[in-house]
Structure formats: C-alpha cells, structure tokens
Amino acid sequence: MNLRCITREPFELPAEIVDYLEENSEIVTFRKNETILPAGMLDAPFYFLSAGLARLYYPPLHGEEREETILFGEAGNIAGSLSNFMLGLPAVFGVKAVTPVKAYRIAPKIIRDLYQSNHIFCKWIMELALLQIAHLEIRHTYFTSKDPYERFINFIRFKPKSYLRRVPGYMIASYLDISPTEYSKVRERYDAEHLNVAYDKEFLDAVGLTGFAPEE
C-alpha cells in the first residue's frame, strides 16, 4: 500500500501534501517481533504502515509481568506516540511488529510543521484522531465483559480469521486481558462447540466501525 492509499482516510489528502510527506519520508522494514517504536522514546517518528501487522503495547512495570497488547494495526494505519507528540513526554506505548512490517517513517517535525501551518492537514489529523477515539469507545463496550469467552467471541466478530492465524495466542490473550492458560481454555471450548463465528462486517457497519478491522 503506497502513501497515497494510506492517507485516503478519513478523507483524501491533496496531492501536494501527500507528495510533501513522501519526499520527507523513509521506507523502513521490520522483522517479526522487532520493535518499531520503543516505549519511553523521545522525538518519536510517525509510521504510516504499508504492509504487515503491528501492535501497540504497554511495557511491563515489573520484570515478571508480560507486555500488555493495546491495539493491532496493519496496512493503512498510522503508528506514533501522542504523549510524546502533544506533551513532549516519553512515549507511553510502544509499537512492535507482529509479522514483517513495511512502513513510511516520517520525522515528528514534518508532521508538526504541517499540523501547525496547513489547515487541511490539521483537519485531517483531527478527524483521524476523533474517529480513533470513537472507535475505541465503541470497542470498549464489547471487550469489558467479565466472561473471557464472550470477549473472545467478540474478537472473532471484530477481526478476520487471518488474525488467529498470524497473531500468537499470547498476544491475543494479552489483548483480551486474560492469561495464556485462560486463552487456551477459551480456544478449546470454542473448537469443541463448533460455533463457526466469523468476521461480521454487517455488525461493524451497524455499530459504526466499518474499516476498524480489515477484510480478509
């Protein structure tokens, strides 16, 4: 996916802005499980994901804890640190590659200059951020159940089957806020019940999350 395709949502950016971003970008690749943006980073760049699957994570506070997976993102998504960009603080969340990832890396100064000087780009960033917040609010209502099995069923409705094939179980467990052991039990129950729940685009359309998860 090229930069012009990535920047078509929430609305298509003018060609001159896309060209400027591309001229000031660097195409980078990351191996599976490689860190793209480390938590705690200052002057963190933005990554416009061109291919592959990545995850937003929260680092463990103690050595025995696991990283907490916050979100998954792939081609067409943008990864960065808002705590660093807006507040100048070390990045709270980090980004790691789940599969091999290809991305356009753009320095924060380029994004900030456009954000401050170009009203169209500023509107684009604002709408993108507000849509993501709205998506997170809606997503939250489907992943706060106390029943791990219900959270897993909703995960399948939100994500294509490719996620189950491409994402290690412990990452999905972290995303659903359950232990790897609980996740194994949930998978065993699901397989035993033969429910065949599938990615539900009509459901996502109905709750306003079209495009939140990609088609297979």
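What is the sum of charges around TYR142, taking Lys and Arg as +1, Asp and Glu as -1, for the other residues whose C-beta is under 10 Å from the C-beta of TYR142?
Taking every Cβ under 10 Å from that of TYR142, the sum is +2.
Two decimals is fine: what is log10 I(q)/I(0) at q = 0.15 Å⁻¹ for the chain, from a Debye sum with one equal scatterer on every Cα and no solvent?
-1.04
Per DSSP H run of n ≥ 4, the term is -39500 (n - 2.57); total these for the chain, divide by its residue number, and report the mean residue ellipticity at 222 nm rounded to 500 deg cm²/dmol.
After summing the helix terms and dividing by the residues of the chain, the value is -13000 deg cm²/dmol.
Hey, which aspartates and glutamates would be in cross-link range of LYS201, C-alpha to C-alpha under 19 Å, not counting anything within fewer than 8 residues on its own chain?
GLU9, GLU74, GLU137, GLU150, GLU215, GLU216
Give the carbon-plus-sulfur fraction of the accessible surface of the chain in %, rounded to a whole number; probe 1.4 Å, heavy atoms of protein chains only.
54
Of GLY73, GLY88, GLY52, which is the most mobile in a GNM of the chain whose springs link Cα atoms less than 10 angstrom apart?
Largest GNM mean-square fluctuation: GLY88.
Relative contact order (percent) for the stretch 1-107, with alpha-carbon contacts under 8 angstrom and 6 or more residues of separation?
41
Could you work out how much longer the chain between ASP113 and GLN132 gets when fully extended? Use 0.36 nm per residue separation minus the Cα distance between them, nm to one decimal.
4.6 nm
May I ask you to evaluate 6.51 cos²θ - 1.76 cosθ + 1.60, the Karplus curve with θ = phi - 60°, for each residue of the stretch 31-45 and list the ³J(HN,Hα) values in order in whole Hz, giving x for glycine and proline?
Ordered by residue, 3J(HN,Hα) equals 7, 3, 6, 6, 6, 8, 9, x, 4, x, 6, 10, 6, 6, x Hz.
Any idea what the alpha-carbon Rg over 2.2 N^0.38 Å comes to for the stretch 75-200?
Dividing the Cα Rg of the stretch 75-200 by 2.2 N^0.38 Å gives 1.31.
What is the helix-to-structure angle for 119-142, meaning the angle in degrees between its Cα long axis and the longest Cα principal axis of the chain, kept from 0 to 90 and rounded to the nearest 10?
Roughly 10 degrees between the two axes.
Applying the Karplus parametrisation 6.51 cos²θ - 1.76 cosθ + 1.60 with θ = phi - 60° to the phi angles of the stretch 152-167, what ³J(HN,Hα) value in whole Hz is obtained for each residue in order, glycine and proline being reported as x?
Using θ = phi - 60°, the values come out as 5, 4, 5, 4, 5, 5, 8, 10, x, 4, 4, 5, 5, 7, 9, 9 Hz.
So, counting K/R as plus one and D/E as minus one, what does the shell of residues with Cβ under 14 Å around ILE36 add up to?
With Lys, Arg at +1 and Asp, Glu at -1, the net is +2.
For the stretch 36-117, compute Rg over Rh where Rg is the Cα radius of gyration and Rh is the Kirkwood radius from the inverse mean 1/r over Cα pairs.
Reported Rg/Rh, Kirkwood definition of Rh: 0.99.
Which residue, ILE106, ASN118, ALA54, has the largest displacement toward the positive end of the dipole of the chain when charges sit on each Cβ (Lys, Arg +1; Asp, Glu -1)?
Most positive-ward Cα: ALA54.
Please compare each pair in LYS32/LYS185; LYS123/LYS146; LYS123/LYS161; LYS161/LYS185 to a cut-off of 29 Å on the Cα-Cα distance and tell me which ones are over it.
Violating the 29 Å Cα-Cα cut-off are LYS123/LYS146; LYS123/LYS161.
Explain nothing, just compute: Karplus ³J(HN,Hα) = 6.51 cos²θ - 1.76 cosθ + 1.60, θ = phi - 60°, for every residue of the stretch 190-198 in order, whole Hz, x for Gly and Pro.
4, 5, 5, 7, 6, 6, 6, 5, 10
For the chain, what is the accessible area per residue in Å² when the probe is 1.4 Å?
54
Would you rank TYR199, TYR149 by solvent-accessible area, highest first, keeping every protein chain in place and using a 1.4 Å probe?
TYR199, TYR149
Determine which residues of the stretch 118-153 fall in the zone a paramagnetic label at VAL197 would reach in this model, i.e. backbone nitrogen under 13 Å from the point 7 Å along Cα→Cβ.
142-153
The values are calculated or read from the model by the stated rules, or taken from the named source; none is laboratory data. As the structure is a prediction and not an experimental result, all values here were calculated from the model. FYI the Cβ positions are ideal-geometry reconstructions off the backbone, even for glycines, and counts take in every protein chain you see. Protein only, heavy atoms only, side chains kept; ligands, DNA and RNA dropped before computing areas. Shrake-Rupley method; radii C 1.70, N 1.55, O 1.52, S 1.80 Å.
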